[in-house]
Structures are given as C-alpha cells and as structure tokens.
Amino acid sequence: MAWAKKKSKRIAEPLDEKQLFDYAVGSLGRRMRTVMQLTRLMRAKVEKEETGEAKINAVIARLKEYNFLDDAAFATTFTRLRQDNQHYGRRRVQQDLLQKGIHPELATETLNTAYEDISEEALARQHLARKRLKQPTTDKESRRIMGQLIRAGFSPTVIFKILKQWKVPDELLSGLEDAE
C-alpha cells in the first residue's frame, strides 16, 4: 500500500513594511524592474486588503525617493540593451516595453531618442548577421527570413529592400507579399 504524502499548505505570513522594503530591494538587486513588475511581486507578499496596498504604495514611494526605482531609466537602459545586443527593431522594443508596464508616452519618447540616428536597414542586417542567416535560395528560406525579421520588429519595407538587394527573384517577393 502506497502512502500518500500530506501536502502542507503553509500560508506565509504577510510581510510588514520594513520586510516588504527589504524584499523589494533584494528583488531590484537581482534584476531591474518597472513599477508595475515590482508591484505585482509585492502583492503576493502582503495581505489582499487596503492595508496591503498602502504598504506597497509606501515602499514604492520610498524606492523612488532613493532612486532605486525609475521607469524612465529602466526604459532607456532596456532599449539600449535590446538595440545593441539583440539588434531588435523599434516595433519589437516598443512591444516589450509596453508589456513590462512602461507608459506608452514614455516608451514612445524613449524610442524616438534611441532610434533617431539609427538606420533600420543597418540594424536589420546586424540582426541577420547575429542570427547567422544567409542569403535565401528558396521560397521557404525567404519566408523564414522574412518571419524572423518581422518578429525582430522591422518594417516590411526594410525587409523587402534587404531581400531585393540579395537578388531574391521577384516572383518570390510577390509570393511573400501575398502571404503577408
């Protein structure tokens, strides 16, 4: 006869404001986070009532006061890293910023600053080189490259320009336009 293990349903005690602040600082020490991300993490550590929200708001205000939490700095750093390391296009970075809880106006302002002197075509070519994608020889490879560039946040005009410079046959390009 097999003995079933009892699952202990230990409910963690809600944290007080000092413990919550220490938890938030530790979380920020491991990774940069937005106000929305940190608030979501802290909600799991406090009671679900008004007192829990008051603790979270007090900790957020204190973190902002100490300049430990700044969505504008997060957006700038995140955009620079995505642009320099992954060579992502503007659309992809904007989508990622909005998903992380950055206000749309702040995201747009940050992206305008970061991408004002950047050639989207050069960035797309850097992305292709980073992914080690070669010039396509078949329709299937062309579709794969186009999908890769779309997911990386590049506009269709830049994608078609790159494919035309690679001398992809016009019938393949028209087939790709129809697929879009």
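The values are calculated or read from the model by the stated rules, or taken from the named source; none is laboratory data. Predicted model only: the values in this text are computed from it and were never measured. Because the Cβ atoms are built from the backbone with ideal geometry, glycine has one as well, and the counts that use them run over all protein chains shown. In case anyone asks, the SASA skips ligands and DNA or RNA and just uses the protein heavy atoms, side chains included. Shrake-Rupley method; radii C 1.70, N 1.55, O 1.52, S 1.80 Å.
Taking the Cα centre of the chain as origin and charging only Cβ (+1 Lys, Arg; -1 Asp, Glu), how large is the dipole, in debye to the nearest 20?
That gives a dipole near 1220 debye.
How many lysine pairs does the range 1-156 hold where the Cα atoms are under 16 Å apart and the two sit 8 or more places apart or on different chains?
6
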Can you tell which of Met42, Gly29, Thr108 lies farthest toward the positive end of the dipole of the range 25-180, using +1 and -1 charges on the Cβ of basic and acidic side chains (Lys, Arg; Asp, Glu)? Gly29
Can you list the aspartates and glutamates whose alpha carbon is less than 20 Å from that of Lys167, not counting same-chain residues fewer than 8 positions off? Glu120, Glu121, Asp139, Glu141, Glu177, Asp178, Glu180
Any idea what angle helix 156-165 forms with the longest principal axis of the chain, computed on alpha-carbon atoms, 0 to 90 degrees, nearest 10? 40
Between 0 and 90 degrees, rounded to the nearest ten: what's the tilt of helix 120-130 against the longest Cα principal axis of the chain? 80
Could you give the size of the charge dipole of the range 67-171 about its Cα centre, using +1 on the Cβ of each K and R and -1 on the Cβ of each D and E, expressed in debye and rounded to the nearest 20? 700
For the range 80-95 versus the range 115-170, the gap between their alpha-carbon centres in whole angstrom: 15
With a 1.4 angstrom probe the carbon and sulfur portion of accessible area for the chain, in percent, totals 50
Output the 0 to 90 degree angle, nearest 10, between the alpha-carbon long axis of helix 170-179 and the longest principal axis computed from the alpha carbons of the chain. 30
Please give, to one decimal in nm, the separation of the simple spin-label points placed at Thr157 and Leu106, each 7 Å out from Cα toward the Cβ. 3.1
Solvent-free Debye scattering, log10 I(q)/I(0), computed from the Cα coordinates of the range 36-180 at q = 0.15, 0.16, 0.20 Å⁻¹: -0.80, -0.86, -1.13
